[in-house]
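*Asks:* Sharing a structure below in structure tokens format, with a few things to ask.
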Amino acid sequence: MATLSPLHGLRLALATTRNWALVGTIIMLGACAFAPTPHGTADLATVIARADGQVAILDTTAGQWTGKINGLGDLSHASIVYARDGRQAFVFGRDGGLTKIDILSHTILARSMQAGNSIGGAISQDGKLVAVANYEPGGVRVFDSETLKLVADIPTFIGDGPDRSKVIGLVDAPGNRFIFTLWDAGEIWVADFSSSNKPAIKRYDNIGTNPYDALITPDGRYYIAGLFGEDGMAMLDLWHPEHGVRRILDHYGKGENRLPVYKMPHLEGWAMAGNRAFVPAVGHHEVLVIDTRNWKEVGRIPVHGQPVFVMAHPDGKHVWVNFSVPDYDTVQVIDTESLKITGELKPGTGVLHMEFSPRGDQVWLSVRDENKVIGYNPYTLEPIAELPLPSPSGIFMSHRAGRIGL
């Protein structure tokens with residue numbers, strides 16, 4: 001038998017090592033060739049397809065759908081909030097369904113039929129709790145965001161009686177608090193979860209008739225509820241809650257006949273631009289302008305119809321307005337300096353929602369009655385994409401994950 005010299009054996013060992021290294025490299029390259037391309041979530045949005053109980057995932061860079069998630073129940077008045085990572089999201093269905101989804105894998109992670117009739121929800125500042133506003137049975141239910149296990153049940157009793165009020169205007173606030181209004185009782189409640197999962201509840205009564213929706217300002221300081229039963233709004237300063245609720249815009253429609261209201265205005269989309277807020281007037285063809293330094297009305301802008309959403313472009317230079325029936329085929333653009341209408345679009349019948357991309361290079365509109373979603377260049381008002389979707393409504397960009405009240 002031939003024997004190898006020490007030098008020859010060393011050379012053979014090195015050659016074998018090089019060959020195995022080459023094989024390993026080829027295997028890794030092959031794996032990379034077939035692995036899915038990684039994708040972040042910052043340019044993605046979720047869009048409600050209310051007719052089919054679906055959520056579609058929109059890639060705003062490519063201008064196309066990446067996939068759809070089915071089996072989400074009644075989405076006739078659905079909304080979405082994002083987890084801290086911007087990948088997981090929570091869908092609040094009108095039928096009481098709370099569903100946790102993954103917008104990259106297009107899968108349902110957890111689902112709970114937690115009530116009979118719901119109207120939206122919020123996620124806590126630390127991302128650990130998800131709260132749902134309920135019409136039936138009335139109240140707020142709070143869940144662990146990982147498992148969707150029930151953490152707290154807050155029944156909203158009217159006065160000292162057994163009946164419960166519908167809950168509307170639920171938002172998150174700094175300090176792991178949830179704030180909401182009681183439609184039937186005319187109250188604002190603050191549920192403080194900062195110390196434990198057994199919340200401390202603070203009630204503010206006699207705020208006005210039928211508070212129908214609410215918002216929290218982007219800095220998390222002011223909670224403002226609109227009043228459907230009377231002109232005016234109710235404001236709570238969360239830096240100084242000991243001062244109670246203050247009425248603003250009182251009697252803004254004095255001496256005018258309110259028109260029939262076919263669709264409630266939405267306050268979540270209030271346009272905050274500089275020291276001004278632009279808000280829809282209930283029952284009037286007007287956008288009200290408020291100086292946020294003193295919360296007094298400083299102007300009114302006549303518009304095409306009864307405003308539903310009044311939303312600010314990220315640069316604050318323009319606000320966009322859509323309208324209720326019968327004027328819901330139109331979108332108008334208002335210049336925030338001159339308070340003049342500087343643009344108008346006719347995307348189609350049933351414009352329900354508008355959402356800007358985080359840096360304002362795009363705006364996306366849902367056109368329910370024509371089963372499509374349209375993206376526009378907000379500077380030129382030229383369309384950039386048109387995508388089919390059955391009865392689309394809410395559009396929710398993933399950058400909401402890092403914003404208070406959204």
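*Asks:* Taking the stated definitions as given, is GLY159 part of a loop (DSSP other than H, G, I, E, B), at pLDDT below 95 and not aromatic (Phe, Trp, Tyr)?
*Replies:* Considered against the rule, which asks whether it is part of a loop (DSSP other than H, G, I, E, B), at pLDDT below 95 and not aromatic (Phe, Trp, Tyr), GLY159 comes out as yes.
*Asks:* What do you reckon, is GLY120 in contact (Cβ under 8 Å) with a residue 40 or more places away in the chain, touching a Pro at 6+ places or on another chain (Cβ under 9 Å) and on the phi > 0 side of the Ramachandran plot?
*Replies:* For GLY120, the condition - in contact (Cβ under 8 Å) with a residue 40 or more places away in the chain, touching a Pro at 6+ places or on another chain (Cβ under 9 Å) and on the phi > 0 side of the Ramachandran plot - is not met.
*Asks:* I need the full set of residues from region 41-62 which are of a type outside the set (S, T, N, Q), open to solvent by 20 Å² or more (accessible area, probe 1.4 Å) and touching a residue at least 24 places away in the same chain (Cβ under 8 Å), in order please.
*Replies:* ALA42, ASP43, ARG50, ALA51, ASP52
*Asks:* Would you be able to tell me the number of residues in region 329-360 that are free of Cβ contacts under 8 Å to residues at least 60 places away in the same chain, in a loop (DSSP other than H, G, I, E, B) and open to solvent by 20 Å² or more (accessible area, probe 1.4 Å)?
*Replies:* Residues that pass the stated criteria total 8.
*Asks:* Now, a different point. For region 154-163, give me each residue that is surrounded by fewer than 20 Cβ atoms within 10 Å (Cβ to Cβ), without any contact (Cβ under 8 Å) to a residue 40 or more places away in the chain and within 15 Å of ILE201 (Cα to Cα).
*Replies:* PRO155, PHE157, ILE158, GLY159
*Asks:* Also, quick follow-up: Does region 300-319 hold any residues that are under 19 Å from the mean Cα position of the chain (by Cα), open to solvent by 20 Å² or more (accessible area, probe 1.4 Å) and closer than 20 Å to VAL367 by Cβ, and which are they?
*Replies:* MET311
*Asks:* To continue, here is another question. For residues that are open to solvent by 10 Å² or more (accessible area, probe 1.4 Å), in a loop (DSSP other than H, G, I, E, B) and not aromatic (Phe, Trp, Tyr), tally how many sit in region 200-255.
*Replies:* Of the residues in region 200-255, 19 are open to solvent by 10 Å² or more (accessible area, probe 1.4 Å), in a loop (DSSP other than H, G, I, E, B) and not aromatic (Phe, Trp, Tyr).
*Asks:* Looking at VAL151, VAL140, VAL171, VAL132, can you tell me which residue is in contact with a Ser or Thr (Cβ under 6 Å, 6 or more places away or on another chain) and buried (at least 19 other Cβ atoms within 10 Å of the Cβ)?
*Replies:* VAL132
*Asks:* Kindly provide the set of residues from region 84-97 that are open to solvent by less than 10 Å² (accessible area, probe 1.4 Å) and either out of contact with any Gly (no Cβ under 7 Å at 6 or more places or on another chain) or in a loop (DSSP other than H, G, I, E, B) (or both), ordered by number.
*Replies:* Taking region 84-97 as the starting set, the residues that turn out to be open to solvent by less than 10 Å² (accessible area, probe 1.4 Å) are 86, 89-93, 96-97.
Answer for region 84-97, where residues must be open to solvent by less than 10 Å² (accessible area, probe 1.4 Å) and either out of contact with any Gly (no Cβ under 7 Å at 6 or more places or on another chain) or in a loop (DSSP other than H, G, I, E, B) (or both): GLY86, ALA89, VAL91, GLY93, GLY96.
*Asks:* Also, I was wondering about something else. Is region 367-374 home to any residue that is at pLDDT 95 or above, closer than 22 Å to GLY120 by Cα, of a type in the set (Asp, Glu) and out of contact with any His (no Cβ under 6 Å at 6 or more places or on another chain)?
*Replies:* No, region 367-374 contains no residue that is at pLDDT 95 or above, closer than 22 Å to GLY120 by Cα, of a type in the set (Asp, Glu) and out of contact with any His (no Cβ under 6 Å at 6 or more places or on another chain).
*Asks:* LYS100 passes all but one of (1) farther than 28 Å from ASP237 by Cβ; (2) surrounded by fewer than 20 Cβ atoms within 10 Å (Cβ to Cβ); (3) charged (D, E, K, R); which number fails?
*Replies:* In the conditions (1) farther than 28 Å from ASP237 by Cβ; (2) surrounded by fewer than 20 Cβ atoms within 10 Å (Cβ to Cβ); (3) charged (D, E, K, R), LYS100 misses (2) alone.
The values are calculated or read from the model by the stated rules, or taken from the named source; none is laboratory data. What you see is a predicted model, and the numbers here were worked out from it, not measured in a lab. Note: ideal-geometry Cβ built from the backbone for every residue, glycine included; neighbour counts use all protein chains shown. Surface areas here come from the heavy atoms of the whole protein model, side chains and all, with no ligands, DNA or RNA. Shrake-Rupley method; radii C 1.70, N 1.55, O 1.52, S 1.80 Å.
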